Amino acid sequence: TRKVKYTPHPKAYTAGEFNYLEEDGKKPYAYAVAELIDNSLWGTHNNDWRKIELRIAIEPTGKSYLAVLDNGSGMNAKELEEWATLALSPDDRDRPPASDQERNISQFLNSRISKFGVGSKQAGYFIGKSIRMVTKKQHHPGVNELEIDMDKLEERAKRKQEVYEDTVLSRPVGEWEKAEMNNPFLKGLADFEKEHTSFTIALISKLNLKYLLYGASPNDSVAIKRAGVSLLRKLAHIYYFYLHGPDIELTKLAVATSSSTSAPSNSIEGIRPDTAAPTSAFTAVSMKIMCCKVVNNSLELLLNADIKNDKHNYEAKMIANSCASFPFKAEVTGRGTVFGILRYFPYNGVSETVPDSRADEAEYLSEDETETDEEPNESAQQRNGKKKSKRKEKRTPAKGTGRREITNGDVTADGGPVSRSSNANGSQEDTNAEVLDSEDMKLFECFFQGRLVPFTEVKEISFIKRTTKSLQQLRRLRGSLFFDDAFQITREKLKFTDDVQSALMNKDNVRYFRERQAVRDMPKAFAKFLSNCATYDKTFELTDSFPGENICAK
């Protein structure tokens, strides 16, 4: 007999790279950063004031840093060791169960997002090659530090040494090594320590810039700024409800369905109020982003923004553009609870108001800085030629995309609006059948514990019937579904592993609630809502494609 020792290879930490890159073409860097922010949400969940910052610094030589800072409860040496242990979940670390108050927070915004004890490590090594946790608990005199460097782990594995063994360093607040204090970015982190009685800083260095800058030079200020804007917009979408608080319609529904003694509502059904009611158990998060380039031992600030103030992320545009809403609650037998809301976006007589899911960077970038399809090594003359060509394309409509406005007087045999497209020669085709089968008609984006799960979408739900008569209006609907933690997600929180689409299409296993009671005839209630929405449309028009057809993150 022989005793064996089966220590995992260091690549166990980097396995997340393949999972992130599996979502080809969707630029997953922001979703890796979100894993670190998930930890900060839990670290600050008991705070009266919750502060999270994302800071990025890149030197022309390629030396680079990304840090997520928070004013949360911090960690002692034992907790830091538990964090470093791969697959030791928060529940295995004796995280206290959710209180009744936490369970009753609308949209499950209780910050209990981390589940597996894997995400932040694998995400960190997708972002860079070294993770350094710097943390302090309140009333503790010193700072605890632990650095896990992938190059060192792999070197130990080659030499047959003990791989997973490092030292937790304890030191006074704000006292980094002398060489580090000469680095303006790291000195800023030391200053953050001095300003807070408890905190955690997740510092990642030796960044994989190919995933952040996508081939651009680390000396390219515009590329760094673009990367920052892309992160800002996606994080504003992912954490919209943690930044702004619960949706008032869903808050009302959560309170109503948890108490049978509530007084009847006097609100007008389907009209979205402009302000949200406070929720006592929930505290909104302050989240900021800073991107800079290190030049001559000083910081050149390229982007400094409050993520909450972003008005052009997809969620913000959804709420701003909608004229009516249809909130509901679904109890799925054997699964869990889902809160949902559908929003209606009318045709205003000039254009469709369905929000475009593509990021609008104009607020932060000049015309010369906006994204192009340029190659990393192409010349400035080639880039300028592409920009001129794009401006010309915007002014010249493409052939074969003529549109015919359809008024309320044009109807099909069953009384529904005619849906046609006109080509350049004036001939028309009925496109209802094509759109009815369209893969782009995706109604709902999905959230887990109030946080966006970017690559799961729900196209259908059992109470919505797609008919030719309702087609035009259905294309003007978009919605959100909020799942509790009974539903299962992947370790990187990119997708649900549960088939949530099938669960919500099974009429026999779903019980729906509206306002203060269960709804027996949900299709009828929804049909009434849709009928009321028709009054908002100035006229009917079928466009070749709606701007919000595909809500999947790009």
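The values are calculated or read from the model by the stated rules, or taken from the named source; none is laboratory data. Bear in mind the structure is a predicted one, so any value in this text is a computation, not a measurement. All Cβ positions, even for glycine, are placed from backbone atoms using ideal geometry, and neighbour counts span all protein chains on display. Accessible surface areas use protein heavy atoms only, side chains included; no ligands, DNA or RNA. Shrake-Rupley method; radii C 1.70, N 1.55, O 1.52, S 1.80 Å.
Things worth noting here:
- Only residues that are assigned to a loop (DSSP other than H, G, I, E, B) and either open to solvent by 80 Å² or more (accessible area, probe 1.4 Å) or modelled with pLDDT of 95 or more (or both) were counted across the stretch 180-197, and they come to 3.
Results for (1) at pLDDT 95 or above; (2) in contact with a Phe, Trp or Tyr (Cβ under 6 Å, 6 or more places away or on another chain); (3) over 30 Å from residue 187 (Cα atoms); (4) open to solvent by 40 Å² or more (accessible area, probe 1.4 Å), shown as yes or no for each residue.
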site: 4; (1), (2), (3), (4): no, no, yes, yes
site: 11; (1), (2), (3), (4): no, no, yes, yes
site: 14; (1), (2), (3), (4): no, yes, no, no
site: 27; (1), (2), (3), (4): no, no, yes, yes
site: 47; (1), (2), (3), (4): no, no, no, no
site: 70; (1), (2), (3), (4): yes, no, no, no
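- When the stretch 459-497 is filtered for residues that are within 16 Å of the chain's Cα centre (by Cα) and part of a strand (DSSP E or B), the ones remaining, listed by number, are 479, 480, 481, 482, 483, 489, 496.
- Single unsatisfied condition, residue 171 versus (1) charged (D, E, K, R); (2) touching a strand residue (DSSP E or B) at 6+ places or on another chain (Cβ under 6 Å); (3) without any contact (Cβ under 8 Å) to a residue 24 or more places away in the chain: (3)
- Condition check for residue 249: closer than 30 Å to residue 481 by Cβ, of a type in the set (Asp, Glu), at pLDDT below 90 and crowded, with 19+ Cβ neighbours inside 10 Å: yes
- Residue, farthest from residue 481 (Cα to Cα), within the stretch 285-301, restricted to residues that are in contact with a Lys or Arg (Cβ under 7 Å, 6 or more places away or on another chain) and surrounded by fewer than 21 Cβ atoms within 10 Å (Cβ to Cβ): 300
- Single residue of 532, 509 found to be modelled with pLDDT of 90 or more and over 30 Å from residue 113 (Cβ atoms): 532
- When residue 200 is tested against (1) crowded, with 22+ Cβ neighbours inside 10 Å; (2) assigned to a helix (DSSP H, G or I), exactly one condition is not met: (2).
- Counting the residues of the stretch 159-179 that are under 23 Å from residue 70 (Cβ atoms) and open to solvent by less than 30 Å² (accessible area, probe 1.4 Å) gives 3.
- Residues being within 26 Å of the chain's Cα centre (by Cα), at pLDDT 85 or above and over 20 Å from residue 240 (Cα atoms) - total across the stretch 76-110: 1
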